[in-house]
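Comments concern the structure below.
Laboratory data are not the source of any read-out in this text; all were calculated from the coordinates shown. Note that this is a predicted model, so its numbers are computed, not measured. Counting neighbours? That spans all protein chains shown, and the Cβs are built from the backbone with ideal geometry, glycine included.
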Amino acid sequence: MLIRKCSLRDKQRIFQIINEAAKAYKGAIPEDCYHDPYMPMEELLEEMNAMTFYGYEVDEELVGIMGLQSMEKVTLVRHSYVLPCHQGKGVGTKLLNHLTQQAPRKCILVGTWRDAQWAIGFYERNGFKLLPNKDELLRRYWRIPNRQIETSVVLGKEKD
């Protein structure tokens, strides 16, 4: 097991992990918000320029990724994905704990789809709480369409 910073040379594997893991959203989020691929390569490259991605390796192969984005007053954890065959084995929790330790700001936020109850539960099990001012936070810290704001939640945690 190894957690490491990802680089552009990992883009194809990150693309694969995101789009394979995101299949869980099909049918759980509004149909107009789901597309295949879930994250096109062009969007992934933009996101890789905007934040630091960390990856979890098993046998020298990335099986999970998460992004860490520092904003003016908060740190965002973004794009949390683990290959389905590695889910439920602690990969996501280990990555999240690592990113929480790396976070440069005390307040850590994560956004996810309101109907992705498994994702909300994952963050709650890791000490995050649903925040009531999600629309304000999503508009301030994320660049997402209004439709996604309507159908998303924000969870927060203070860094230890």
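Tabulated values for the structure
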quantity	calculated
Partner aspartates and glutamates for Lys157 [C-alpha distance under 13 Å; skip if fewer than 8 residues away on the same chain]	Glu124
Volume per residue of the C-alpha convex hull in the stretch 81-152, rounded to whole Å³	111
Fewest-first ranking of Leu45, Leu96, Leu138, using other Cβ atoms within 10 Å as the exposure measure	Leu45, Leu138, Leu96
DSSP-loop GluC sites (Glu not before Pro) across the stretch 42-135, with at most 11 other Cβ within 10 angstrom	Glu60, Glu72
Distance from the stretch 124-160 to the stretch 1-56 (C-alpha centre basis), Å	19
Helix-derived mean residue ellipticity, 222 nm - over the chain, DSSP H n ≥ 4, -39500 (n - 2.57), to 500	-10000 deg cm²/dmol
Cross-link pairs Lys26/Lys106; Lys11/Lys129; Lys23/Lys73; Lys26/Lys73; Lys26/Lys94; Lys11/Lys134 - those with Cα-Cα distance over 28 Å	Lys26/Lys106; Lys11/Lys129; Lys23/Lys73; Lys26/Lys73; Lys11/Lys134
Percent RCO, i.e. relative contact order, over the chain, from Cα pairs under 8 Å lying at least 6 residues apart	22
Surface/4 of the Cα convex hull for the stretch 13-108, nm²	6.9
For the chain, the longest site-free run once trypsin sites (Lys or Arg not before Pro) in DSSP loop states with at most 15 other Cβ atoms within 10 Å are removed	27-72
